[in-house]
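The structure under discussion appears below in the form of structure tokens.
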Amino acid sequence: MKLELRGITKTFGDLVANDAIDLVVEPGEIHALLGENGAGKSTLMNVLYGLYQPDDGEILVDDKPVSFSGPGDAMRAGIGMVHQHFMLIPVFTVAENVELGHERHRFGFLNRRAARKEVREVSQRYGLQVPVDALVQDLPVGVQQRVEIIKALIRDARVLILDEPTAVLTPQETDDLMEIMRSLKEGGTSIVFITHKLREVRAVADRITVIRRGKVVGEASPTASSAELASMMVGRPVSLEIDKGVARPGDEVVQVENLRVVDQTGQVTVDDVTFSVRAGEIYALAGVQGNGQTELTEALVGLEPIESGRVVVAGQDVTKAGVDDMIGLGVGFVPEDRVHDGLVSSFSVAENLVLDLYHSPPFSNGLSLDLDRIAQNARDRVEEFDVRTPTVDHTASTLSGGNQQKVVLARELSRPLKLLVVAQPTRGLDVGSMEFVHRRIVAERDNGAAVIVVSTELDEVLGLADRIGVMYRGKIIGEMPAGADPSEIGLLMAGTARDHDKEVSAP
Ligand SMILES: Nc1ncnc2c1ncn2[C@@H]1O[C@H](COP(=O)(O)OP(=O)(O)OP(=O)(O)O)[C@@H](O)[C@H]1O
Ligand SMILES: [Mg+2]
């Protein structure tokens, strides 16, 4: 199926999110869309999927003009979309989720047997392995995403839109997804692929269109170097390496001793973890997602109860401290899930930039809020972090994914910190913003803060860290200096010990 967008324009008030965009997706090609945060990629895909009505322009399917008044129309025309935040029902099985809302079953009854058969067929045809009878809530993110893809394919999608599908995947899941994309393409399905990771674009794309500030700025070849793609996206040269000087660590700021965290189901998520971080030092926690990093950081900042062990920050025992106490102590936290834990989507950008701080000076005198100060602060932060929003009064929910992330970072990095805990700091950020955020994290360190970074991106860990702890099944199973051999870290991440390191045992 050939898909063509001609002169698509979409505005939100004064903001032109898509400005006369032309795009042709040929049958059976993987077409990557590259562009800065807020460039208009998701907006364009929402227009294509019938979620937004364009102000101008037309969509052609196999050279015939079509118009979509909702996703139902788009699906009937053969277009499927996997959103970045999945729309699955956690307590339903895979087969139930796939069949749900599918036109083919009648009278509202779900023909379970037919559904399971259909899911099996599609999953076999494209190598999309899923356990048909498992509950969605029990599946890893990568498998849930496959369920979304199967859902689109069962509805005969011949063009599949994937909006940042790899942002939340582990490297292994990403490789698997790229394999799946290749096999879909061989079967004749076209794919529109949005990602900020240039390596992925270069690995799978047949064609690349670059968008900047709502306009197509050109096509790039998949053989272009990452540096070329980056500068085309951002409009200036970008350093893809992390620049940092030698660390000058001072006193210990954080001491974590024999920390143990148990989740609501009784499972031990953090198991006897001991480490410390000094002022002016970046300690990175590497590991495959789901090995206790999230729980560890949440326990450190007072968001999760500590079962046993001790945490000391700046000389104070904070084992039982809550989030407010931690903020008061000068602890900053960037959570991994910005939408749920980092922002209040219905609040404005300005309000989100002072969450947790609005009741203290300079934003309040204890009785009333200083709205001018709050607005001025917001304008300064928006400028400094290049948050793309028409005004600071727009709600956070209207911001593009990457710009939401920048708001969280801008808030947490804009007060004096003794300890900064950041999880997946650059998830969803474009290469230009990534460069900026890395510099800011290094600047925090050089200002004397202790920094704990959690990242599933090994390059980010290697680039930022002064010391690296590898987490596996709730434990820190090895610590290494900056400049350690990446393959050795990779082995530890997989729970495999070196021969002489007998204390590490894979259960
Ligand atoms: N519902 C909305 N109301 C107002 N403005 C919006 C709305 N949706 C998007 N925008 C604005 O349109 C612009 C483009 O956003 P879009 O989400 O398309 O960017 P993107 O290229 O997908 O960026 P990212 O890489 O960060 O996901 C942004 O400036 C955003 O603030
Ligand atoms: Mg987007």
So, residue 232, is that one surrounded by fewer than 21 Cβ atoms within 10 Å (Cβ to Cβ), outside any strand (DSSP E or B) and within 16 Å of ligand 1 (Cβ to nearest atom) or not? yes
Checking residue 305 against (1) open to solvent by 40 Å² or more (accessible area, probe 1.4 Å); (2) more than 29 Å from residue 429 (Cα to Cα); (3) not in a loop (DSSP other than H, G, I, E, B): exactly one of these is not met. Which one? (3)
Considering only residues that are over 15 Å from residue 129 (Cβ atoms) and either within 12 Å of ligand 2 (Cβ to nearest atom) or β-branched (Val, Ile, Thr) (or both), which ones fall in the range 161-180? 161, 162, 163, 164, 165, 166, 167, 168, 170, 174
Any residue at all in the range 416-427 that is in contact with a helix residue (DSSP H, G or I) (Cβ under 8 Å, 6 or more places away or on another chain), over 30 Å from residue 13 (Cα atoms), open to solvent by 10 Å² or more (accessible area, probe 1.4 Å) and modelled with pLDDT of 90 or more? yes
Since residue 23 meets every condition but one in (1) within 16 Å of ligand 2 (Cβ to nearest atom); (2) under 25 Å from the mean Cα position of the chain (by Cα), which condition does it not meet? (2)
Residue check for residue 442: under 30 Å from residue 201 (Cβ atoms), modelled with pLDDT of 95 or more and of a type in the set (A, V, I, L, M, F, W, C): yes
In the range 243-264, what residues are within 30 Å of residue 436 (Cβ to Cβ) and of a type in the set (Asp, Glu)? 243, 251, 252
Checklist (1) open to solvent by 10 Å² or more (accessible area, probe 1.4 Å); (2) within 10 Å of ligand 2 (Cβ to nearest atom) applied to residue 6, failing item: (2)
From the set of residues in the range 61-83 that are part of a strand (DSSP E or B) and open to solvent by 60 Å² or more (accessible area, probe 1.4 Å), which is farthest from ligand 2 (Cβ to nearest atom)? 64
Does residue 217 satisfy the criteria of being closer than 17 Å to residue 431 by Cα, part of a strand (DSSP E or B), open to solvent by 40 Å² or more (accessible area, probe 1.4 Å) and in contact (Cβ under 8 Å) with a residue 12 or more places away in the chain? yes
So, first residue free of Cβ contacts under 8 Å to residues at least 40 places away in the same chain and part of a loop (DSSP other than H, G, I, E, B) in the range 38-60, second residue more than 13 Å from ligand 2 (Cβ to nearest atom) and open to solvent by 20 Å² or more (accessible area, probe 1.4 Å), Cβ within less than 7 Å, six or more apart or across chains; the pairs are 50/69; 50/71; 50/73; 51/71
Verdict on residue 227 being small (Gly, Ala, Ser), assigned by TED's automatic domain parsing to the domain that holds residue 125, crowded, with 16+ Cβ neighbours inside 10 Å and farther than 22 Å from residue 83 by Cα: no
For the range 232-245, state whether one or more residues are touching a strand residue (DSSP E or B) at 6+ places or on another chain (Cβ under 6 Å), in contact (Cβ under 8 Å) with a residue 24 or more places away in the chain and within 30 Å of residue 90 (Cβ to Cβ). no
The one condition in (1) under 27 Å from residue 168 (Cα atoms); (2) modelled with pLDDT of 90 or more that residue 312 fails to fulfil: (1)
Those residues of the range 379-407 which are within 13 Å of ligand 1 (Cβ to nearest atom), in contact with a helix residue (DSSP H, G or I) (Cβ under 8 Å, 6 or more places away or on another chain) and assigned to a helix (DSSP H, G or I), in sequence order: 382, 396, 401, 402, 404, 405, 406, 407
Only one of these conditions is not met by residue 256: (1) in contact (Cβ under 8 Å) with a residue 60 or more places away in the chain; (2) crowded, with 16+ Cβ neighbours inside 10 Å; (3) more than 26 Å from residue 142 (Cα to Cα); (4) assigned by TED's automatic domain parsing to the domain that holds residue 448. Which number is it? (1)
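The values are calculated or read from the model by the stated rules, or taken from the named source; none is laboratory data. For clarity, every value in this text was computed on a predicted model and none was experimentally measured. Don't worry about glycine lacking a Cβ; one is built from the backbone with ideal geometry, like all the others, and counts go over all protein chains shown. Note: accessible area is taken over every heavy atom of the protein model, side chains too, but ligands, DNA and RNA are not part of it. Shrake-Rupley method; radii C 1.70, N 1.55, O 1.52, S 1.80 Å.
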